[in-house]
Structure formats: C-alpha cells, structure tokens
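Below you'll find the structure, written out as structure tokens, and then a few comments.
Readers should treat all values here as calculations from the given coordinates under stated rules, not as data from a laboratory. This structure is a prediction, so every number in the text was calculated from the model and none was measured. Ideal geometry is used to build each Cβ from the backbone, glycine not excepted, and the neighbour counts take in all protein chains shown.
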Amino acid sequence: MSTPEPMPRAHVEVCLERAGLKLSPDQVDELHRVSGYLRQALERLGSDRPMEIEPALTFKVAAP
Amino acid sequence: MNDATRFETVPTIAEASRLIETRALSPVELTELCLKRIGAVDARLNSFLLVTETLARKTAKRAEAEIAAGRRRGPLHGIPIGLKDIYSTKGIRTTAHSKVLAEHVPDKDAVVTAKLAKAGTVLLGKLSTHEFAIGGPSFDLPWPPARNPWNTELSPGGSSSGSGAAIAAGLVLGATGSDTGGSIRSPATFCAIAGVKPTYGLVSRSGILPLAFTLDHAGPMAWTVEDCAILLQAMAGHDKADPGSAKVKIPDFRAALRQDLKGVRVGVINRWHEGEHPVEPEMKQAVEAAAETMRGLGAEIRDVAMPGLADFAPAGRVIILTEAFAVHQKTLQSRYNDYGERFRASVTPAALFSAADHMQAIRARRQLIERTAEAMAGIDVMVVAAAPGPATKMVGFDPDAAFKRPLLTMPFNLTGLPVATVCCGFTGSNLPLGMQVVGHPFGDATAMAVAHAYERATSWRSRRPPLFAEASAQTAR
C-alpha cells in the first residue's frame, strides 16, 4: 500500500505555526508525508451527522 | 519455608497469599526471590527503570512483622509488585520513561499507588513504558525499551511494556498498567499474561500522568485473571480528586469468579476478524477455539453485530491525539527534541486537526457508544481478538503500521467498557495470542468471571517464556 496523497504542504506549515511548534525541515517533511493518512481518517470520520448528536453536559447529583 | 529458591516457578498472587497467610512463606523470602530474578535477567529484559531494593526489603520486613503479630491486612499483604512509571510515587522518581521528566520526583503518591501500599504490597520498583504511554519501543530515550521475554527481539507490546514483560518473566507477581488505546491489553496479549482494563471511572487516575483524559484507564496486570481481580479490589473505588471517577458499589471481584458459564450469552465479534482488516489465521482460529471451549462450559455462543472496526478508528485517533497534544503542547513548544522520535511522530499530527474535527470525533464517539449498547443487548459479554497476531519486531517494522490498521482495542476505550484480556493460545512458533472479554458498563466482575472460567479450562497458564526459565535456573544456583 502506498502512502496516500498528503495534505498541501502549506497547510501543514500553517498548522504547525498555529500550534507554536518549530520543527526541522526533515521533521516537517515527515509530518507532511504522513498527513495523507490523517486526511483519510478525517474523510472517514465525516461531518454528516444528525443535528441532535451532541456531547451532552452531564451532572452528578445525589438521588432525591 | 526458609529457602526461597525452592520455587522452581513463581507463585501467583493467590498462591503466595495463601502461603503467606499460613506462614508457609514469608514476604521477605518472596521479595528476595523477586530481587534475585530481577538481577538474573532484567539486564536483557529492561522491564525496570528503577528497582527500589532498599524500600522493598524494608516493606517486606514490616509486612512479615505485622503478619506475625496477627495484623495481616489482606490478600495483597507482602506481595511484590511493580508500578508503571507514570504512577506517581512520593519521593521516588517518576519519569514516564522520558527525558522531559528524567529528574521528576513527585511529592505525593497517586491514589492507586497509595491504595496498593495500604493493602500491604511490596513495591519492587518502577516499570518501563512507552514514552508518556504512547509511541512504541524507542531507542533514543534515557533508558532502553522493555523487551519480550518470549523472544527478546520482539516487542512486549505497550505502552505498559515493562509491566507485561516483568510479570511474564516472573520478576513481579503483579503490576499496574494504563490503557488509552490498548496499553494494558497489548502487553497482556504479547506476553501471555492477564490484564484488565476496567470500566472508565472505576479506578482513580488521580496522580497518574495523563495521556488522553477521556480515554485513560488505570488497571491491573498479573499472571492470572484471579490475580487481576485481587489487585482490582484494592485499586477500585470512587475518588473525588478524579473528575471521571464513578460513585458505584464495588463488588467482591474474587467471589464473582466463582460463577460458572452455564447460560452465559457470549457474542463473538466475527466481523472484526474478517473483512477490511482481517486478523491472522492463527489468531482467528484461537478465538474460535476459545468460543468452543466456552460453549463446552455451558455458554451460549452467538455472533454479535458491532459497528465496523474502521468506524471506531478515526474517532479514536482524533480524540487521543488531540487530548495528548493539549497535555504536552506547552512542553512541545519549548523542548520538542527532548521527546523521543516515536512520541513526536505519534502526537505531532494532532496539530493538523481542527476544532471541528475534534468535535466531529466526539459526536461520532457518542453514536458509537449507542450502537455498541444496541449490539450488546441480549448478550452478557463479547469476545474478540486483542491483536491481529503475535508480537512484532522491536526494530525494522513498518513505521506507518499504526496508520494503516485500526486497533482492535481502541473501541473499548471510546466506549469505556470493561475488558479482561487473557491468553488464548500460541502460534506454531510458540508466541502468545490474546483475546478480549468485554463486559457491559461496570460489568467488570462478569467479564473477569468469563475470562477466569476460560483460563481455568485451558492449559495456557502452564507455559512460561524462556527468560522465566532462565531466571529460575540462575536463582536456583
């Protein structure tokens, strides 16, 4: 299996800057290379969900 | 007994406890036996980051005196154990196997550390882990990675790697692990021991260095399920310092092991053994044979229609990495290269996820929890392989393997369900295979009871790895 098509390199660099990380050029290359797997994972995760699927805030209260 | 070397084997916790109770074995002798075994083989196994020899001898002597004075605390009194080196130990270095915390000495015990000490265990030392419980065997950290006592060229699994290796080699009788995506269950499988990832919230994580808050579970590891039940009894319970801790009644786990399998409904997740990411044929056959063994014990075996394994993987990946990145972001910004390469390669990809990606993963998790509950309706436990096959090589493996194949363990971190992992056979080349027995939320006792009944019905516990035999031979001299 070949490595999947990576995210655009510029996107990887912007994300790293936003995260405050300073990587060597080799480290950026490697992250860029594996970014295709992450893109695939995000595609599989998807965003098409019913609106009511929400992470509810729950409370722990003593029984009355 | 005056000569600890009379043990050609190492007793289980249950056996040692019985011998200690009847004064046929002293905690001091047992501790000396373990220390000798560590001295004999751990230079090749690297399961310990730190051996607390002086403390262990002192604790064992105190246990001996208390027991002699009629003040036995319970089944763990005088039992030598190890702690994964992410469990804080007051006054004792706690490093997470990382240069980042190489000099870190906590001023407080983790809640579980304190509970196990109160139960009378003898701490032999701190055990190897993957760096901060993620990544893999790494050779660029201040300490070498633990190796597999079945074959030292192979990984013992992880991240609770030292715990798995030390138990299988008979250097400790029990240990603690943590499990965020399979870190108790993978070493349990590859080292042929038992490991329990309890229901989320059953065991406090307070004072344990976090990897991913909503997926982290602390749990016991030992040679048998019964020993795990004994350890879990001491570890479990509500802790107000842990926001994820549940206020539930803690059952008598060991007593629950007495239930038989007559009428127990066991669902096999056949789907995860086949399809998109099939397990190796020997693993599939081992789980099928295990199900037949359970049928022979009176269980009802059926197929269970769980969601696809690949549906769990992206949600698990986004959540574990995002949470781990949040924990380490500040330090990564200032000390990026003080982390090992495998930690960096594992966690840095989180920087590429957006806030919306994270929220979609959380929403997907809720859907998967609901679908899992629906699948489990009408059955008592599920069984499924714990890994695609036996242990893999320490070096020379595919660096992208983690991206290519979804973990068989991660679904139960996402759902928080209890899992008892047991050995379910060996490959033709004598490498262990492992199986997960999955319960309903807070059905830890049932999962362990089924795993225990299976374990007792098979002969797998009579096999020990080559390094175990070598430690026995060297300590008998």
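Okay, here's what the table says:
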{"quantity": "Some residue of the range B:302-322 being more than 30 Å from B:ALA364 (Cα to Cα) and not basic (Lys, Arg)", "calculated": "no"}
{"quantity": "Extreme residue, farthest from the other protein chains (Cβ to nearest Cβ), among residues of the range A:7-36 that are of a type in the set (A, V, I, L, M, F, W, C) and in contact (Cβ under 8 Å) with a residue 12 or more places away in the chain", "calculated": "A:VAL28"}
{"quantity": "Breaking point among (1) buried (at least 20 other Cβ atoms within 10 Å of the Cβ); (2) within 14 Å of another protein chain (Cβ to nearest Cβ), for B:MET359", "calculated": "(1)"}
{"quantity": "Among (1) of a type in the set (A, V, I, L, M); (2) in contact with a Gly (Cβ under 8 Å, 6 or more places away or on another chain); (3) within 11 Å of chain A (Cβ to nearest Cβ) - the single one B:LEU407 does not satisfy", "calculated": "(3)"}
{"quantity": "The range B:178-194, subset assigned to a loop (DSSP other than H, G, I, E, B) and of a type in the set (S, T, N, Q), residue surrounded by the most Cβ atoms within 10 Å (Cβ to Cβ)", "calculated": "B:SER183"}
{"quantity": "Enumeration of residues in the range A:37-50 that are among the polar types (S, T, N, Q) and either more than 7 Å from chain B (Cβ to nearest Cβ) or over 18 Å from B:ILE319 (Cβ atoms) (or both)", "calculated": "A:GLN40"}
{"quantity": "Entirely in the range B:368-477, the strands (runs of 3 or more DSSP E) that have 3 or more residues that are surrounded by fewer than 21 Cβ atoms within 10 Å (Cβ to Cβ)", "calculated": "none"}
